[in-house]
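The values are calculated or read from the model by the stated rules, or taken from the named source; none is laboratory data. Remember, predicted model here, so these are calculated numbers, not experimental data. Reconstructed Cβ throughout: ideal geometry from the backbone, glycine too, with neighbour counts over all protein chains shown.
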Amino acid sequence: MGMVAELERRQSAMELHVINSIQQSLDNNQPLSFQALASLRSLIINPATPDSTLSSVLDALTRSLQLNRDPVFLHHALKLLSDLASHRPHLSPFALDLLRSDSLFSSASPRLVGESLSVLLSLASIGNDMDAARFVSLCLGPSVSVRQCLLRNAEKLVFRESVLLAVFLGFTRDPYPYVRKEALDGLVKLCKNGDFDDRDVIEGCYCRAVELLRDAENYVRSAAVRAVCEWGRLLVICSEDMNKQDSSDAVFIQLGCMVRDMSVDVRLEAFEALGKIGLVSEDILLQTLSKKVLGINKDKAFKPVEGLDISASAVAGAYIHGLEDEFSVVRMSACYSLRTLTVFSLRFACEALNLMMDMLNDDSTVVRLQALDTIHHMATSNHLKVEKIHIHRFLSALVDSSSVIRSMTRKILKLAKLPQFKLFKLCIDGLLGNLEIYPQDEADVFSALFHIGRNHGKFTVHIIEEVSPEMEPASGGKLSFDSTRVAAFLVLAISAPLSHEKDVSAIPPRIFSYAVTWLGRISYGLSDLMNQEKLLAYLSECSRSSTISLADFKINEALLTVESDAPIPLCSKVDSPVSMPFWKDSGGTSDYHHQEFLSLGKSAAHAEYELGEHSELRKYVNLIFKKVKDFWSLVELGCTTEAFKGIRACKEEVASFTADSPGSSGAVAFTLQYLQVIGMLAKVWGHLRPTKMLNPYGVGKLELLFAKLDRRLREISNRFIGLSKGEELQILDLVLVACLLRLSKMEICCCNAAMKLLLSTVAHVEYLHKEGSIELSNFVTEVKKSLHDADSSSSSSTCKPLLFKRLLDSFSLQQFVLYGTPRYIHAELAVPSNDSENPLPFIPGIPASIPLAITLHNVLTESRLWVRISMSEESTQFVFLDLNLIRNEKRSINVVREFTFVAPFYRTPKAISFTVRASLGLECFRENIDRVKVFGGPKCELTYLCPEKEIFLCKSTEC
């Protein structure tokens, strides 16, 4: 204890000495000594130092900075001010004022100026406090490092766009290459975040970036490629409709010239930029795949800007050069760039497919995988045409040593359309070879066989007829259970009835009875389509008939698409041999045999386990989200038609997924809902963003679009549970964009309601941000900052369309990533035995009872549900449905509830008969902006969980 007291005594004595030195300096109007400066830091970092002492330190530093211009002294003073600003937040404004003072920035030492800038930028405090004159003067100073630092951090400075534009353009001619690079990067950021509609300005920036494509330094040329891409896209947007195509072609050709650059980094940037230019003529795309100049392009030239001509021949063989590059990263980049362009031209996709087939022989696994991903993208866009010259490359990929390569190849074959039976047979043989060499791929091979069989029904029947002797049981009525080949053919056979082709011949019913002996392993392979219970029901249905025709297809298809939230039971991977009676193909199966069939299936399913999350489905879904992000870049270019085509193709692809396993129904429903939201957002964006004036005759149409967008956003926000906080934040990003779009145009804006929703959404974002410790996007951060600044300067309810338009410019659609398994909240509503011929009785003027059979999926008990019954818009009533009072309902693992609820309808008219429409709505507590103005009804907006059900009523004969 004595040693501690002695140390404290010495510390106090030293601090007293320092304080006396500070006071003496102030009294004598002298700068602080170096010894005093060295001792000040202990006072600053000591939390026990009183504020009065720290104020004296600030005064002494202020006086010393005015009296002493020695660079060493200024360097130490800078460090002290930095410590003071970071350790004492309540005194940081005074310390930062000194940091921004002329004493430091007017120093003759460039190093000191650079350090001052670094400290200010690290404290994120430079903001509005540096005027444009000082910024420009520092940029024009002799220090290259200061100039580079200012240009790199220019987005943190709050200046007019015209000031930044002039500075960036000027320093693209700086003699130092790193400064030119920072100036070009600044132009790119300015293009993304700014609001430019002056074509002369856009042309000037574009031309300057084109000039720097010939710079001597690699990193400058790389920055120039990025600048040409961004300013070129803006040039396309501001072009007239009739010139958009030519402008986009010219930008594409200009970027295509850089794929032969000597620098690897430049070539990578060039291919990445080419993939972002979506609006390209087919003849220009075809030219990139041919080193020989095509006849249609020989004399074709473009002039996007006056004095800047470029020939279509300049892009000849661009992608061939990339795919033949010596560096694998360049070859991979070229494959990915092709991937984004094949969706727009079938002919181009066919030519590109030939090149992708060659890339399957590449030495690099990542290049082969990227080539397969490009081919898969063609298949999902319905632009894949497999011919005889391609099939052998696919077969070689099926036996590749990489499991990822084999898996991606099987995914492509699931979607491929094979025009000839010979190709189909080769494909089946390849999958059987894959299964023989790599038995661990069995589940995925079975899935591929089933999908291929569905897509080629007639070919499937033909090949089953050829191999039927192999599938028959041996003597004694037992099947050969040691033959995986037989199991593969059984999987192929049972897919035929589900084919979309017409006039598919019959598969013998006994084949389906044979398949049940492999029920466990087959259901494991088909888990992406149906669970084991439905597979057994499907096989049972097919085994009843001697012929399975297209008439049975709807029944079987329904078996695949019925939703189930129960866990999926599956057999163990190893099945035990089961003796099976030989079923004669005699036009049907007896009831006895059918019961034996079912009991056999149950015994085969004895060893079962609960299937966990379907990671394979999530991978598919996240690939869809990645495509959506690419399509949004087309929306920003004004090419909404092309974007809609891509989104529509994604919807069709997702609609082909089945949703039977736990979480998969929610994932599929969520993906479809997300695609619908992005589609509606793109429509509104296309109407508002490119135009300067809104056509007054289009206001009504826009209001309808906004109403649909609001409904879609409400549904995706409230009809899914189990989303992570990060996933919810990405959805709220879209809600913020919808609010800003409303507020950016006075003609269609309902300012008060939109502002309330905007503010409540930002508040909810902040809550999720604090709860989940998740980093916010730049767009959300900018919205929060702008709203805070607007609130501090004026009333928060004041609409500022220019502010909201600028915030929209900072929006960039982020790729949505689904990590969990969301559950879809929905309901089914029915009135048993009610139609126009069997109406419900009622007495005019007396409430009528309407018995509703209700099934709820994933609805929590604490949810507020309302039955909405309407005869017309003026005659609507709401009945509250309290789930805590519901009794005798059937539940399925607390996820599905089935019960009957008798709803009263009070407003029965004086008529012989009438109809009402009923639906079930979920009250959205977050959607508390627009109140439902119905007495006795919900306080907040409703999200409807099922389609409206029409109910027929007729006057009772006892009246």
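Val867 falls short of the stated requirement of being under 26 Å from Asn718 (Cβ atoms), in contact with a helix residue (DSSP H, G or I) (Cβ under 9 Å, 6 or more places away or on another chain) and at pLDDT 80 or above. Just for segment 817-864: of the residues that are in contact with a Cys (Cβ under 6 Å, 6 or more places away or on another chain) and assigned to a loop (DSSP other than H, G, I, E, B), which one is nearest to Ala667 (Cα to Cα)? Across segment 817-864, the extreme among qualifying residues is Pro839.
If only residues of segment 177-206 that are closer than 15 Å to Ser239 by Cα and out of contact with any Leu (no Cβ under 9 Å at 6 or more places or on another chain) are counted, the one that is modelled with the highest pLDDT is Asp200.
For segment 199-234, how many residues are over 29 Å from the mean Cα position of the chain (by Cα) and basic (Lys, Arg)?
Narrowing segment 199-234 to residues over 29 Å from the mean Cα position of the chain (by Cα): 199-221.
Add one more test, that the residue is basic (Lys, Arg), and what stays is 199, 208, 214, 221.
So the count comes out to 4.
Can you tell me which residue among Ser403, Ser364 is without any contact (Cβ under 8 Å) to a residue 40 or more places away in the chain, polar (S, T, N, Q) and closer than 30 Å to Val486 by Cα?
Among Ser403, Ser364, only Ser403 is without any contact (Cβ under 8 Å) to a residue 40 or more places away in the chain, polar (S, T, N, Q) and closer than 30 Å to Val486 by Cα.
Of the numbered conditions (1) farther than 21 Å from Met530 by Cα; (2) polar (S, T, N, Q); (3) at pLDDT 75 or above, Ser447 satisfies every one except a single condition; which is it? So Ser447 meets the others, but not (1). On inspection, Asp373 passes the criterion of being under 23 Å from the mean Cα position of the chain (by Cα) and either surrounded by fewer than 21 Cβ atoms within 10 Å (Cβ to Cβ) or not in a helix (DSSP H, G or I) (or both). Within the option set Lys414, Lys388, Lys425, being of a type outside the set (A, V, I, L, M, F, W, C), crowded, with 18+ Cβ neighbours inside 10 Å and either out of contact with any Phe, Trp or Tyr (no Cβ under 6 Å at 6 or more places or on another chain) or assigned by TED's automatic domain parsing to the domain that holds Gly520 (or both) holds for one residue only, Lys414. Selection of first residues in segment 163-187 that are surrounded by fewer than 23 Cβ atoms within 10 Å (Cβ to Cβ) and of second residues that are of a type in the set (Phe, Trp, Tyr) and part of a helix (DSSP H, G or I), restricted to Cβ pairs under 6 Å at least 6 apart or on distinct chains, gives the following pairs, ordered by first then second residue: Val179/Phe171. Among the residues of segment 305-338, those identified as among the small types (Gly, Ala, Ser) and assigned to a loop (DSSP other than H, G, I, E, B) are Gly307, Ala316, Gly317.
Taken over segment 376-424, the residue count meeting the criterion of being part of a loop (DSSP other than H, G, I, E, B) and hydroxyl-bearing (Ser, Thr, Tyr) is 3. Criterion first (surrounded by fewer than 21 Cβ atoms within 10 Å (Cβ to Cβ), under 21 Å from Gly322 (Cβ atoms) and of a type in the set (Asp, Glu)) does Asp261 satisfy it? Here the answer is yes, as Asp261 does meet what is asked. As a summary of the residue check, Ser401 satisfies the conditions (1) under 22 Å from Leu346 (Cα atoms); (2) at pLDDT below 90 except for the one numbered (1). Can you tell me how many residues in segment 269-315 are closer than 15 Å to Val228 by Cβ and crowded, with 24+ Cβ neighbours inside 10 Å? Of the residues in segment 269-315, 8 are closer than 15 Å to Val228 by Cβ and crowded, with 24+ Cβ neighbours inside 10 Å. Just give me the residues in segment 233-249 being part of a helix (DSSP H, G or I) and either out of contact with any strand residue (DSSP E or B) (no Cβ under 7 Å at 6 or more places or on another chain) or of a type in the set (Gly, Ala, Ser) (or both), in sequence order. Once the filter is applied, which keeps residues that are part of a helix (DSSP H, G or I) and either out of contact with any strand residue (DSSP E or B) (no Cβ under 7 Å at 6 or more places or on another chain) or of a type in the set (Gly, Ala, Ser) (or both), segment 233-249 yields Arg233, Leu234, Val236, Ile237, Cys238, Asp241, Met242, Asn243, Lys244, Gln245, Ser247, Ser248. When the test is whether a residue is in a helix (DSSP H, G or I), of a type in the set (Phe, Trp, Tyr), surrounded by fewer than 23 Cβ atoms within 10 Å (Cβ to Cβ) and in contact (Cβ under 8 Å) with a residue 40 or more places away in the chain, Tyr206 does not pass it.
Going through (1) surrounded by 15 or more Cβ atoms within 10 Å (Cβ to Cβ); (2) modelled with pLDDT of 90 or more; (3) not hydrophobic (A, V, I, L, M, F, W, C) one by one, Ser495 falls short only on (2).
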